[in-house]
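Peer 1: Questions regarding the structure given below will be posed in turn.
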Number of protein chains: 2
Amino acid sequence: MRISTRFSDSIHILAFIEVYKDIKLSSDVIANSVNTSAVVIRRLMGVLRAAGLIDTKQGSAEPKLAKDPSEITLLDIYFATEGNKPIFELDKNTNPDCIVGGNIQEVLGTYYEDAKIAAKRKLNETTLEDLIETILVKQKYKNSKN
Amino acid sequence: MRISTRFSDSIHILAFIEVYKDIKLSSDVIANSVNTSAVVIRRLMGVLRAAGLIDTKQGSAEPKLAKDPSEITLLDIYFATEGNKPIFELDKNTNPDCIVGGNIQEVLGTYYEDAKIAAKRKLNETTLEDLIETILVKQKYKNSKN
DNA sequence: ATCTACTGTAATTAATCAAGTTACATCAAA
DNA sequence: TTTGATGTAACTTGATTAATTACAGTAGAT
């Protein structure tokens, strides 16, 4: 498949909404920052709205975060966009009549689950606020070099 | 994309080789356990050989683990099959002239890296030996119920 | 009231990727 | 030398996702 950038782009949208919360934000303006089409942005925003992360109103270009950025973690955004998708895929079609084939996927599932939880714990340690602060510091550094 | 089961199938192959190390193992026999074609198995075995996890000899059906199963971790197998593939995809095409678009992917990259390492540390905790023992215990449990 | 600009969403297209398949050269061993 | 393997390249098929097209519904200014 084409690799999915939904998670990254969704984080981008939320950060953008927060950073530019004082100006009018049409899906077109956001799309210009993410470098995609306005429809793709609106589609992702629909997902974020369904997950309770933003509030939008049809017809008006005023998306708002539904929570304080310190209350939104990368994991919240991950769940919103990817749900419970595994990060390591099992092969559910192995031969059940073989000792290995009949047991391995179930066993692997528990190991994968442990690894997935470890990754998600890390995602849960970072808030949207942390991310935005880091972005702004990085930008200051860029400016100081010119 | 279709989700890739290379990692899971490669683990399967290695476990199968170890469990049935005393009998002749053609790619056809292994394919029957993984429930795929012999060519797919040989392709994966080529990758595992290149990574130094197995030894094979063209023409003879005698694949062997190149290391003791207690010396092969799930992470070794992950690296062999997936290399340094990210588990969370960045969008490398965001607008560089925007404060958010110009900095976010680089910042996200570090957070993703932390999460990826956390997951890999977990994968590195489990050896092929552990996996096989768990499979065999699970099989014993199944048998006892009949 | 009615433009204009915008959101929400469905349907289609195009690109990408992995497994499956076909084909065949090469090697091992009886 | 025949049979049964491996190794690998080339092509096909299926699945997935962003991009695109189209359009109905809403908000707000004039």
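The values are calculated or read from the model by the stated rules, or taken from the named source; none is laboratory data. Here the structure is a predicted model, which is why all the values come from computation and not from measurement. Reconstructed Cβ throughout: ideal geometry from the backbone, glycine too, with neighbour counts over all protein chains shown. Side chains included, ligands, DNA and RNA excluded: accessible areas come from the protein's heavy atoms. Shrake-Rupley method; radii C 1.70, N 1.55, O 1.52, S 1.80 Å.
Peer 1: For A:Val137, A:Val34, give the ranking by accessible area with the largest first, probe 1.4 Å.
Peer 2: Output order, biggest surface exposure first: A:Val137, A:Val34.
Peer 1: Helix-only estimate, please: 222 nm mean residue ellipticity of chain B, summing -39500 (n - 2.57) across DSSP H runs of length 4 or more and dividing by its residues, to the nearest 500. Write down the numbers at each step before the final one.
Peer 2: Details: 6 runs with 83 residues, N = 146.
Per the formula, -18500 deg cm²/dmol.
Peer 1: Something else about it: Keeping all protein chains in position, work out how much accessible area A:Lys120 exposes to a 1.4 Å probe, and write it in Å² to the nearest 10.
Peer 2: 20
Peer 1: Here's another thing I want to ask about it. At the nearest 100 Å², what buried accessible area, both sides summed, do you get for B and A when the probe is 1.4 Å?
Peer 2: When B and A are taken together, about 4900 Å² of accessible area is lost.
Peer 1: Still on this structure: Could you give log10 I(q)/I(0) at q = 0.11, 0.23 Å⁻¹ for the range B:21-131, computed by the Debye formula over C-alpha point scatterers of equal weight, without solvent?
Peer 2: -0.52, -1.27
Peer 1: Something else now. So, in nm, how far is label A:Val40 from label A:Ile117 when the simple model puts each one 7 Å beyond its Cα toward the Cβ?
Peer 2: Placing both labels 7 Å beyond Cα along the Cβ direction yields 3.6 nm.
Peer 1: In the range B:23-46, what residues drop by 40 Å² or more in accessible surface going from the chain by itself to the full protein assembly, probe 1.4 Å?
Peer 2: By number: B:Ser33, B:Asn35.
Peer 1: Of the heavy-atom accessible surface of the protein assembly as shown (probe 1.4 angstrom), what whole percent is carbon and sulfur?
Peer 2: That share works out to 48 percent.
Peer 1: At R0 = 45 Å, how high is the FRET efficiency between B:Lys92 and B:Gln58 if r is their beta carbon distance? Nearest 0.05 is fine.
Peer 2: 0.65
Peer 1: What are the aspartates and glutamates whose alpha-carbon lies under 15 Å from the alpha-carbon of B:Lys24, with same-chain residues fewer than 8 places away excluded?
Peer 2: The reachable aspartates and glutamates, counting only those whose Cα sits under 15 Å from B:Lys24, are B:Asp55, B:Glu62.
Peer 1: A further question on this structure: Skip the ligands, DNA and RNA, and give the accessible area per residue of the protein assembly as shown with a 1.4 Å probe, whole Å².
Peer 2: In whole numbers, the protein assembly as shown has 53 Å² accessible per residue.
Peer 1: Using a simple charge model, +1 on the beta-carbon of Lys and Arg, -1 on the beta-carbon of Asp and Glu, nothing else, what dipole does the range B:6-144 show about its Cα centre, in debye to the nearest 20?
Peer 2: Working: 18 positive and 20 negative charges, 107 e Å.
That gives a dipole near 520 debye.
Peer 1: With label points built 7 Å along Cα→Cβ from the Cα atoms of B:Asn124 and B:Ser26, find their separation and express it in nm.
Peer 2: 4.1
Peer 1: In this model, which of A:Lys92/B:Lys120; A:Lys67/B:Lys92; A:Lys85/B:Lys116 are farther than 20 Å apart at the alpha-carbon? Spell out each step's value before the answer.
Peer 2: On the way: A:Lys92/B:Lys120 22 Å; A:Lys67/B:Lys92 28 Å; A:Lys85/B:Lys116 16 Å.
Those over the limit are A:Lys92/B:Lys120; A:Lys67/B:Lys92.
Peer 1: Shifting gears a bit: Taking the radius of gyration and the Kirkwood hydrodynamic radius from Cα positions alone, what is the Rg/Rh ratio for the protein assembly as shown, to two decimal places?
Peer 2: Reported Rg/Rh, Kirkwood definition of Rh: 1.08.
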